[in-house]
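These notes concern the structure reproduced below.
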Amino acid sequence: MAKTELTNRIRRLRFDHDEMTQQELANRVGVTRQTVIAIEARKYAPSLELAFRIARAFGKRVEGVFQCDEEPSAEEGSG
């Protein structure tokens, strides 16, 4: 089974939106700054609802903020 890695462009989007702080984004989407930090660092995957709220905060579609990359597992890559 392929391993899925969720990546995001939150840091770049914050910078592009008048250098929005993590706290400002957190306030806009209703979470803590620590949650934004964890999502941005890819240590935590947001719920679907939160992913939509984050995307809306930047005026983007979810796919414009988050990407889901699949890496083949060792078993799949050896075939």
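The values are calculated or read from the model by the stated rules, or taken from the named source; none is laboratory data. Just so you know, these numbers come straight off a predicted model, no measurement behind them. Cβ coordinates were reconstructed from backbone atoms using ideal geometry, including for glycine residues, and neighbour counts include every protein chain displayed.
Considering only residues in the range 32-57 that are assigned to a loop (DSSP other than H, G, I, E, B) and surrounded by fewer than 18 Cβ atoms within 10 Å (Cβ to Cβ), the one that is farthest from the chain's Cα centre (by Cα) turns out to be T32. Given (1) modelled with pLDDT under 95; (2) assigned to a helix (DSSP H, G or I), identify the lone condition not met by C68. Condition (2) is where C68 drops out. Of all the listed residues (E5, E75), the sole one being surrounded by 12 or more Cβ atoms within 10 Å (Cβ to Cβ), modelled with pLDDT under 95 and out of contact with any helix residue (DSSP H, G or I) (no Cβ under 9 Å at 6 or more places or on another chain) is E5.
If you scan the range 17-40, which residues turn out to be touching a residue at least 24 places away in the same chain (Cβ under 8 Å) and of a type outside the set (A, V, I, L, M)?
Listed by number, the residues that qualify are H17, R28, E40.
Applying the selection to the range 26-50, what residues are on the phi > 0 side of the Ramachandran plot and not charged (D, E, K, R)? Passing the criteria: only G30.
For the range 1-16, enumerate the residues that are among the hydrophobic types (A, V, I, L, M, F, W, C) and free of Cβ contacts under 8 Å to residues at least 24 places away in the same chain.
Result: F15, single match.
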